[in-house]
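Scroll down for the structure; my scribbles are underneath it.
The values are calculated or read from the model by the stated rules, or taken from the named source; none is laboratory data. A quick note: this is a predicted structure, and the numbers were derived from the prediction, not measured. Using ideal geometry, Cβ is built from the backbone for each residue, glycine included, and neighbour counts are taken over all protein chains shown.
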Amino acid sequence: MKPTDTPLTDHPQNTPQETPVPNSQGKPQEHPQNHLESRSQAASNASQEIQQNLSTESSLHSSTDSASNPSTESPRSTSADSMPNPSQKSPMSTSADSAPNPSTEPPRSTSADSAPNPSTEPPRSTSADSALNPSTEPPRNTSADSAPTHSTESPQNTSAQDSQQPPAQVSSQDSSQEAAPSAAEPAKTLPYKKIAACTAAVLAAVLLLTYLGVSIYFRSHYLFNTTINGQDFSRQTVENARAFFAGQADAYTLKIKESGGKTEDITGSGIDMSWNDSQALDQILKDQSAFAWPMEYFKETSKEITFDISYDKAALEKKVSSLKAVTAEPIQPQSAYPEFDGNSYVIKPEVYGTDLDSEKLLKQIHESVARLDEEIDLQKEGFYKAPEYTAESPKLKELCQTLNQYCKASITYEMDIPIVVDKTLISTWLSYDADFHVTLDEAAIRNWMTEFGRRYDTVGTTRPLTTPAGKATEVSGGTYGWIINEDVEFPALVTSIRNGEVVTKAPAYDQTAASHAPQDWGGTFLEVDLTAQHMWYLENGTVVFESDVVTGKNSTPTPPGVYNILEKLSPTVLVGNIVPETNEPEYRTPVDFWMRVTWSGIGFHDATWQPAFGGDVYLWNGSHGCINMPYYNAQELYSILQLGTPVVVHY
């Protein structure tokens, strides 16, 4: 549609009105009242964005401006405002430069496509339609949405051309203009690569200069972790080291640590010591590799050198000979050894003593002074004669274990008071030789067993007693009591000790008694008082029978002592000793109740021939040694008496 074909409106002359846009049927389409304002605002925003892009890409503007018609060029001319040459297209040509195919898409008329009536309607200003001030803004390349004014209108019919352009013309050109800066982005990243390369070069130069500087530094200084004679001289000069050792010589003191914590000193002034310069310090510096300092940082360099020290050797030897460690009476070393501490064998530590090797000591002191050593420990450095065995000697530890194995044994004998053979006693029977062979002293064990038997064997010993009549007396002799069989018990005890056994038992006996009390016959026994010519039978301490008796006459007395009933016979014939002259027994006497006390012929029996019992009958009509009893009393006793019953005979 041409601008002259636009219908006139009824609005006032200078009031801008929106031209109705025909719809797809060619009928005018009604728009809201504020439609123009909305489009103006959107176009203004788009124009500002395009202006920013154009300001950075001036080359694109030049290309676009050169495609315009020179006869009708205005500051706002665009490629869409000028009629393009059919034979030549602008490099920036888009779909907006050519008319769309009328068969596929009808021309869409917008208010921007229709030119206003100059006589009735002023130009409609939008952001895209407004002319830029040439003095302040560069030409803006826009689409055909901008309508020309009377003063700049091109002679060519741009309205018809504009009416045939598709509605996407503005967005297409804007996209090409917005995409233009991305083509220049590689040029923007180039400075960053240059900066990184320059930084790396500077850093490498700094590192190289640092390495060279430190290398030069270590040509005159000792490297890291350098020690000389135990002194740290890292990063110090030869002059520093020389000054240090010179000062050491002036104030030098050699401390001699002796046994028992005693000390003696040898001073540099006492032996006229002086320092002489040595090239050894310079040689250490020459031998090191200054350019290898990075690797040497993690290493340790330890040097031992002998300095050129001068001193009065005669004065030193005199000083050494006067040391108390040399002049004192030496204590000889003593090896560690096992010792029983009351509970077990433990190793008693060795004694090193003070017996010195004087020649070895003098040689060492000369060497220590030459090196400026500060201390010599006589014991740690082996100047004292060492003991043969120490507490850590394996052979000594093995010996201690063997001894303790013996001491594990414990043999308890069941007596009135238990007798225990344990580690305390066993340790006294153990010994070992120089080769650490352990010996169990069996002779000592035999002596102990004999003493044990002597203590607890009661046969024939003297025992105290109190008679049922209340008389206190003593009894000795007899055959009744304890007898330990030492020949059996001794080897049993040795075996138990060697095996480390723990046992509780009674010893082997040849003969036993009722108890281990002082009156070992117990509470059931027969008692005969030779003085009172009376007898009692007690059961569990209570008298159950008693009788007067007649005992042996003075020529054949009844023997006192403790015995026991050996035999019971009823009846029997008592036969006396053989008379040599007649070769006949001294007597043959039949009895009804015989209770033997000794195998020599002493016993209890009935004696019907005795006229009386008790009193002093034994003095004038005594027996051959037996205890005569009235018939019925003998009968009663025979009935209650048991074999083995103890018999106590006393005065």
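Can residue 422 be described as closer than 30 Å to residue 600 by Cα and in contact with a strand residue (DSSP E or B) (Cβ under 6 Å, 6 or more places away or on another chain)? Against the criterion (closer than 30 Å to residue 600 by Cα and in contact with a strand residue (DSSP E or B) (Cβ under 6 Å, 6 or more places away or on another chain)), residue 422 does not qualify. Identify all residues within the stretch 376-405 that are touching a Lys or Arg at 6+ places or on another chain (Cβ under 7 Å) and either charged (D, E, K, R) or assigned to a helix (DSSP H, G or I) (or both); write none if there are none. Once the filter is applied, which keeps residues that are touching a Lys or Arg at 6+ places or on another chain (Cβ under 7 Å) and either charged (D, E, K, R) or assigned to a helix (DSSP H, G or I) (or both), the stretch 376-405 yields only 377. Looking across the stretch 557-567, the residues that are surrounded by fewer than 17 Cβ atoms within 10 Å (Cβ to Cβ) and farther than 21 Å from residue 613 by Cβ come down to 566, 567. Look at (1) surrounded by 14 or more Cβ atoms within 10 Å (Cβ to Cβ); (2) farther than 30 Å from residue 317 by Cα and you find that residue 264 fails only one, number (2).
Taken over the stretch 599-613, the criterion of being closer than 20 Å to residue 531 by Cβ and either of a type in the set (Asp, Glu) or in contact with a Ser or Thr (Cβ under 9 Å, 6 or more places away or on another chain) (or both) is satisfied by 602, 607, 610, 613. Only residues that are assigned to a loop (DSSP other than H, G, I, E, B), closer than 15 Å to residue 563 by Cβ and at pLDDT 95 or above: list them for the stretch 600-624, please. Within the stretch 600-624, 602 is the sole residue that qualifies. Flag set for residue 434, criterion: surrounded by fewer than 18 Cβ atoms within 10 Å (Cβ to Cβ) and free of Cβ contacts under 8 Å to residues at least 24 places away in the same chain.
Based on this model, can you work out whether residue 554 counts as in contact (Cβ under 8 Å) with a residue 40 or more places away in the chain and under 28 Å from residue 463 (Cα atoms)? Here the answer is yes, as residue 554 does meet what is asked.
Is it the case that the stretch 575-596 has a residue that's touching a residue at least 60 places away in the same chain (Cβ under 8 Å) and in a strand (DSSP E or B)?
no
Residues in the stretch 393-430 that are in contact with a helix residue (DSSP H, G or I) (Cβ under 9 Å, 6 or more places away or on another chain), among the hydrophobic types (A, V, I, L, M, F, W, C) and free of Cβ contacts under 8 Å to residues at least 24 places away in the same chain: how many? Number satisfying all stated conditions: 1.
Among the residues of the stretch 629-646, the ones that are within 17 Å of residue 567 (Cα to Cα) and out of contact with any Asp or Glu (no Cβ under 8 Å at 6 or more places or on another chain) come to 10 in all. Residue count for the stretch 322-333, restricted to those that are touching a residue at least 40 places away in the same chain (Cβ under 8 Å), outside any loop (DSSP other than H, G, I, E, B) and either hydroxyl-bearing (Ser, Thr, Tyr) or surrounded by 14 or more Cβ atoms within 10 Å (Cβ to Cβ) (or both): 1. Let me confirm something: among 554, 633, which residue is assigned to a loop (DSSP other than H, G, I, E, B) and surrounded by fewer than 21 Cβ atoms within 10 Å (Cβ to Cβ)? Being assigned to a loop (DSSP other than H, G, I, E, B) and surrounded by fewer than 21 Cβ atoms within 10 Å (Cβ to Cβ) holds for just one of 554, 633, which is 554. Within the stretch 471-498, being without any contact (Cβ under 8 Å) to a residue 24 or more places away in the chain and of a type in the set (Gly, Ala, Ser) holds for 472, 492. Return the total of residues in the stretch 213-231 being touching a Phe, Trp or Tyr at 6+ places or on another chain (Cβ under 9 Å), assigned to a helix (DSSP H, G or I) and either among the aliphatic types (A, V, I, L, M) or over 21 Å from residue 298 (Cβ atoms) (or both). Of the residues in the stretch 213-231, 1 are touching a Phe, Trp or Tyr at 6+ places or on another chain (Cβ under 9 Å), assigned to a helix (DSSP H, G or I) and either among the aliphatic types (A, V, I, L, M) or over 21 Å from residue 298 (Cβ atoms) (or both).
Scanning the stretch 345-354 for residues that are part of a loop (DSSP other than H, G, I, E, B) and surrounded by 15 or more Cβ atoms within 10 Å (Cβ to Cβ) yields 350, 352, 353, 354.
Against the numbered list (1) surrounded by 14 or more Cβ atoms within 10 Å (Cβ to Cβ); (2) among the aliphatic types (A, V, I, L, M); (3) in the same structural domain as residue 267 (by TED's automatic domain parsing), residue 336 comes up short only at (3).
Are any residues in the stretch 615-630 surrounded by 14 or more Cβ atoms within 10 Å (Cβ to Cβ) and farther than 29 Å from residue 515 by Cβ, and if so, which ones? Of everything in the stretch 615-630, those that are surrounded by 14 or more Cβ atoms within 10 Å (Cβ to Cβ) and farther than 29 Å from residue 515 by Cβ turn out to be 617, 618, 621, 622, 623, 624, 628, 630. The listed residues are 565, 497, 578, and the only one of them that is among the hydrophobic types (A, V, I, L, M, F, W, C) and at pLDDT below 95 turns out to be 578.
Yes/no per residue for (1) within 17 Å of residue 257 (Cβ to Cβ); (2) hydrophobic (A, V, I, L, M, F, W, C):
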{"residue": "286", "(1), (2)": "no, no"}
{"residue": "301", "(1), (2)": "no, no"}
{"residue": "317", "(1), (2)": "no, no"}
{"residue": "336", "(1), (2)": "no, yes"}
{"residue": "348", "(1), (2)": "no, no"}
{"residue": "361", "(1), (2)": "yes, yes"}
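Only a single item in (1) buried (at least 17 other Cβ atoms within 10 Å of the Cβ); (2) touching a residue at least 60 places away in the same chain (Cβ under 8 Å); (3) farther than 18 Å from residue 477 by Cα; (4) not polar (S, T, N, Q) is not met by residue 544, and it is number (1).
Residue 501 falls short of the stated requirement of being touching a residue at least 60 places away in the same chain (Cβ under 8 Å) and touching a Leu at 6+ places or on another chain (Cβ under 9 Å). Exactly one residue out of 503, 488, 543 is modelled with pLDDT of 95 or more and over 60 Å from the mean Cα position of the chain (by Cα), and it is 543.
Can you confirm whether residue 240 is at positive phi, in the same structural domain as residue 280 (by TED's automatic domain parsing) and not hydrophobic (A, V, I, L, M, F, W, C)? No. Against the numbered list (1) under 30 Å from residue 225 (Cα atoms); (2) surrounded by 11 or more Cβ atoms within 10 Å (Cβ to Cβ), residue 287 comes up short only at (2).
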